[in-house]
Amino acid sequence: MDTETAEAIDRVGQRVDTLEMSLRGEIAALREDVREQFSGVREQFADVRQQLADVREHLADNRRHATMQFESLGHDIRIIAEGVANLAVKVDRLR
(Lines give C-alpha, C1' and ligand atoms only; values in the text may rest on other atoms or scores of the structure.)
Protein backbone atom coordinates (compact mmCIF):
# COMPACT_ATOMS: atom_id res chain seq x y z
CA MET A 1 0.00 0.00 0.00
CA ASP A 2 1.42 3.38 -0.92
CA THR A 3 1.81 6.27 1.48
CA GLU A 4 -1.06 8.36 0.07
CA THR A 5 -3.51 5.49 0.42
CA ALA A 6 -2.39 4.78 3.98
CA GLU A 7 -2.76 8.48 4.90
CA ALA A 8 -6.19 8.61 3.26
CA ILE A 9 -7.26 5.53 5.23
CA ASP A 10 -5.95 7.14 8.43
CA ARG A 11 -7.88 10.36 7.69
CA VAL A 12 -11.04 8.39 6.99
CA GLY A 13 -10.51 6.45 10.22
CA GLN A 14 -10.06 9.70 12.15
CA ARG A 15 -13.21 11.15 10.61
CA VAL A 16 -15.14 8.00 11.50
CA ASP A 17 -13.79 8.18 15.06
CA THR A 18 -14.78 11.87 15.27
CA LEU A 19 -18.27 11.11 13.95
CA GLU A 20 -18.60 8.21 16.37
CA MET A 21 -17.66 10.42 19.33
CA SER A 22 -20.04 13.13 18.13
CA LEU A 23 -22.90 10.65 17.69
CA ARG A 24 -22.25 9.12 21.10
CA GLY A 25 -22.42 12.58 22.67
CA GLU A 26 -25.65 13.43 20.86
CA ILE A 27 -27.19 10.08 21.78
CA ALA A 28 -26.22 10.60 25.43
CA ALA A 29 -27.74 14.10 25.37
CA LEU A 30 -30.94 12.76 23.76
CA ARG A 31 -31.11 9.96 26.29
CA GLU A 32 -30.83 12.46 29.15
CA ASP A 33 -33.47 14.65 27.51
CA VAL A 34 -35.86 11.70 27.22
CA ARG A 35 -35.23 10.75 30.85
CA GLU A 36 -36.03 14.28 32.00
CA GLN A 37 -39.20 14.38 29.91
CA PHE A 38 -40.35 11.02 31.24
CA SER A 39 -39.60 12.19 34.76
CA GLY A 40 -41.83 15.20 34.15
CA VAL A 41 -44.55 12.98 32.72
CA ARG A 42 -44.34 10.70 35.76
CA GLU A 43 -44.71 13.69 38.07
CA GLN A 44 -47.71 14.97 36.10
CA PHE A 45 -49.24 11.49 36.13
CA ALA A 46 -48.81 11.32 39.90
CA ASP A 47 -50.49 14.73 40.20
CA VAL A 48 -53.39 13.59 38.03
CA ARG A 49 -53.78 10.42 40.10
CA GLN A 50 -53.88 12.50 43.28
CA GLN A 51 -56.45 14.86 41.77
CA LEU A 52 -58.59 11.89 40.74
CA ALA A 53 -58.38 10.48 44.25
CA ASP A 54 -59.45 13.88 45.61
CA VAL A 55 -62.37 14.02 43.17
CA ARG A 56 -63.47 10.52 44.16
CA GLU A 57 -63.32 11.50 47.83
CA HIS A 58 -65.38 14.64 47.19
CA LEU A 59 -67.92 12.65 45.19
CA ALA A 60 -68.26 10.16 48.03
CA ASP A 61 -68.74 13.02 50.49
CA ASN A 62 -71.34 14.62 48.23
CA ARG A 63 -73.15 11.31 47.85
CA ARG A 64 -73.29 10.84 51.63
CA HIS A 65 -74.50 14.39 52.10
CA ALA A 66 -77.19 14.01 49.40
CA THR A 67 -78.34 10.73 50.95
CA MET A 68 -78.70 12.41 54.33
CA GLN A 69 -80.60 15.30 52.76
CA PHE A 70 -82.99 12.94 50.95
CA GLU A 71 -83.63 11.00 54.15
CA SER A 72 -84.32 14.23 56.02
CA LEU A 73 -86.60 15.42 53.21
CA GLY A 74 -88.51 12.14 53.30
CA HIS A 75 -89.00 12.56 57.05
CA ASP A 76 -90.22 16.14 56.57
CA ILE A 77 -92.66 15.02 53.84
CA ARG A 78 -94.06 12.36 56.19
CA ILE A 79 -94.60 14.96 58.92
CA ILE A 80 -96.37 17.28 56.48
CA ALA A 81 -98.50 14.42 55.13
CA GLU A 82 -99.54 13.48 58.68
CA GLY A 83 -100.39 17.13 59.41
CA VAL A 84 -102.47 17.39 56.24
CA ALA A 85 -104.25 14.13 57.10
CA ASN A 86 -105.01 15.42 60.62
CA LEU A 87 -106.34 18.68 59.19
CA ALA A 88 -108.53 16.76 56.75
CA VAL A 89 -109.96 14.73 59.64
CA LYS A 90 -110.66 17.92 61.66
CA VAL A 91 -112.27 19.61 58.67
CA ASP A 92 -114.44 16.55 58.09
CA ARG A 93 -115.50 16.61 61.76
CA LEU A 94 -116.47 20.27 61.53
CA ARG A 95 -118.83 19.59 58.63
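The values are calculated or read from the model by the stated rules, or taken from the named source; none is laboratory data. Source: prediction; values computed, not measured. For neighbour counting, all protein chains shown are included, and Cβ atoms are generated from backbone atoms with ideal geometry for every residue, glycine included.
Taken as a whole, the condition of being aromatic (F, W, Y) and at pLDDT 95 or above applies to F70. Considering only region 67-83, I want to know if a residue exists there that is surrounded by 10 or more Cβ atoms within 10 Å (Cβ to Cβ) and over 51 Å from the mean Cα position of the chain (by Cα). The answer is yes; a qualifying residue exists.
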